[in-house]
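Just below is one structure, and these are the notes that go with it.
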Amino acid sequence: SLQDQFDNLEKHTQWGIDVLEKYIKFVKERTEIELSYAKQLRNLSKKYQPKKNSKEEEEYRYTSTRAFLATLNEMNDYAGQHEVISENMTSLITGELTRYVQELKQERKSHFHDGRKAQQHIETCWKQLEASKRRFERDCKEADRAQQYFEKMDADINVTKADVEKARQQAQLRHQMAEDSKAEYSSTLQKFNSEQHEHYYTHIPNIFQKIQEMEERRIVRIGESMKTFAEVDRQVIPIIGKCLDEITKAAESVDHKNDSQMVIEAFKSGFEPPGDVEFEDFTQPMKRTVSESSLSNSRGDGKSEPKFGSKSKGKLWPFIKKNKLMSLLTSPHQPPPPPPASASPSAVPNGPQSPKQQKEPLSHRFNEFMTSKPKIHCFRSLKRGGAGPEDFSNLPPEQRRKKLQQKVDELNKDIQKELDQRDALTKMKDVYIKNPQMGDAASVDHRLAELAQNIEKLRLEVQKFEGWLAEVEGRLPARNEQPRRQSGMYEPQHPSAVNSCAQDRESPDGSYTEEQSQETEMKVPATDFDDEFDDEEPLPTIGTCKALYTFEGQNEGTISVAEGEMLYVIEEDKGDGWTRIRRNEDEEGYVPTSYVEVYLDKNAK
């Protein structure tokens, strides 16, 4: 029946809407995946980006690391294209189809409403026809009964004439009613037939046609959306290809020769190779002297020195392993003071060693590799993460020259800035003088005086650093100069200068030795073999400690503590009897290990 067809169409069109909504959900989940993928790519790129003002940033001057950085940046752009895919699919597919589904539901509801209305109308017409038919049938039967009653009354001789006349009139009335019902039935029948023809040949076909067109539009729309789904992906392929091309270009820009040269320039020390070690004749004990090798300092004082080179088996610095060399260079000659409870005045060696002692420290063996100007009073803080000396004397000659040149350039830039400010203020003052209504010229004088003082200070700084730079450049051998004995490069120090600087070489507990004047000279460049030359970041805390005794810490590099005070440990005892601690961000130094009770963190490195 027609009603069954409507039911079938209603089920099918609802299924079509369900398919459309399922596709919308599919595209929406795809956009979420694209966004999640883009976010993960961005996080990955950010994770491996160099941190600002860190050691990693320095590493990105090499072509290989710059290529990696370019790869990270391109991956960021690559992630951006996946975000574009998500945005376009959301706007062109998900959003459009969602609106279309709402319109489709309204249109479908309207068509089936029209169909039900037409069906109800034809059913109403049919009911009217049936009612007219039954009325006509009833009237005909009534007319027949009235006619039969009239004929019976007319044949009966016992019935009065009045009753016969009454029966005749009743029969005529029923007959007339039957004729009227017949006419009404005929009219209703014609009307119903017309309505039925209109219903089955016009209204219902039109409704079915609209439903068919609606369904075809739905099918076309989902096909177009699938095409758009592919086009959105295809549109970003050229840009993704460019990203990959840039990564390839960055990879091709890697220059191993250039990177190797940069490493050479970064770590070139300026030291000359040591000369040959001379033969020592031990068959003549009374004539045993120190050989004139590159590891001895020609002082001309006639002292005999034990030969370090004979024990190193020809393995001379800078070819000694770093950890072995640093342990030799940084081990203190004197232990820290013992705790007050066990200490005696004689137990703490505060006096200088006898000048008659014939033992020469290791630092004398390296004297010609470095200079002791200017003096560094506390090498321990420099070696273990403290700030370096102002003149960079802790660096090898070549590295020191680069740092000094960089400092001079920075100071010159600062001077230029101050000069530019001074010129601007001078012009402003001239304007104020010519036009007093614009401002008071005297208000600028104070600032001009400050700028003049700043410029003078900066120029003095430049002169100081240029002097150190000239000193270093004068000591560095010329590029085309033949290698010569290192001992002849530097002027020998006067013995009095050596003796005077010995007093500056105090250990944290106040003790010092005659050896330490030269020991500092040897210790300073040892930092060149550290992991890096630049200032290190503050050391992390590795535990806590409690002061068992009060320590004054009057010497440079130490820190005073009160009994019972809790502090942070940032460096364990390296075997020299000293522990490095920190009170706050600005206060840190060394205390005797025996003066504190240390609690190290289990997870600390």
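The values are calculated or read from the model by the stated rules, or taken from the named source; none is laboratory data. Quantities reported herein were computed from a predicted structural model and do not represent experimental measurements. Cβ sites come from the backbone with ideal geometry, for glycine too, and all protein chains shown count toward neighbours. The accessibility values were calculated without ligands, DNA or RNA, using every heavy atom of the protein model including side chains. Shrake-Rupley method; radii C 1.70, N 1.55, O 1.52, S 1.80 Å.
For Lys11, the shell of other residues with beta-carbons less than 13 Å away shows a net charge of -4, using +1 for Lys and Arg and -1 for Asp and Glu.
Using the 1.4 Å probe convention, the accessible area of segment 557-605 works out to 58 Å² per residue with neighbouring protein chains retained.
Note on segment 543-600: percent of Cα-Cα distances in each 5 Å bin, starting at 0 and stopping at the bin with the largest distance, equals 5, 22, 38, 28, 7, 0. Count Lys and Arg as plus one, Asp and Glu as minus one, and take only other residues whose Cβ is under 15 Å from that of Glu565; the net charge is then -2.
Comparing Met75, Ser91, Tyr48 along the charge dipole axis of segment 1-133, the residue lying farthest to the positive side is Tyr48, per the Cβ-charge model.
Relative to the Cα centre, the charge distribution of segment 117-229, modelled as +1 at Lys and Arg Cβ and -1 at Asp and Glu Cβ, gives a dipole magnitude of about 420 debye. Extent of segment 397-474 along its three principal axes (Cα atoms, max minus min coordinate, largest first): 59, 14, 13 Å.
Between segment 1-19 and segment 51-85, what is the C-alpha centre distance in whole Å? Value for the Cα centre distance between the two parts: 57 Å.
Please work out the Cα center distance from segment 558-591 to segment 145-162, rounded to the nearest Å. Using only Cα atoms, the two centres lie 144 Å from each other. The coefficient of translational diffusion for segment 5-263, derived via Stokes-Einstein from the alpha carbon Kirkwood radius under 37 °C and 0.692 mPa s, stands at 122 µm²/s.
Electrostatic bookkeeping for Leu92 treats Lys and Arg as +1 and Asp and Glu as -1; over the other residues with beta carbon under 14 Å from its beta carbon, the sum is 0. Asp156 exposes around 70 Å² of accessible area when a 1.4 Å probe is run over every protein chain in place. Considering only Ile211, Gln196, Ser186, and ranking their Cα positions along the charge dipole of segment 179-238 that arises from unit charges at the beta-carbon of Lys, Arg, Asp and Glu, the one farthest toward the positive end is Ile211.
Contact order, relative form, for segment 543-600: 39 percent (alpha carbon pairs under 8 Å, 6 or more residues apart, mean separation divided by residue count). Taking all Cα pairs closer than 8 Å and separated by 6 or more residues, the relative contact order of segment 5-263 comes to 33 percent.
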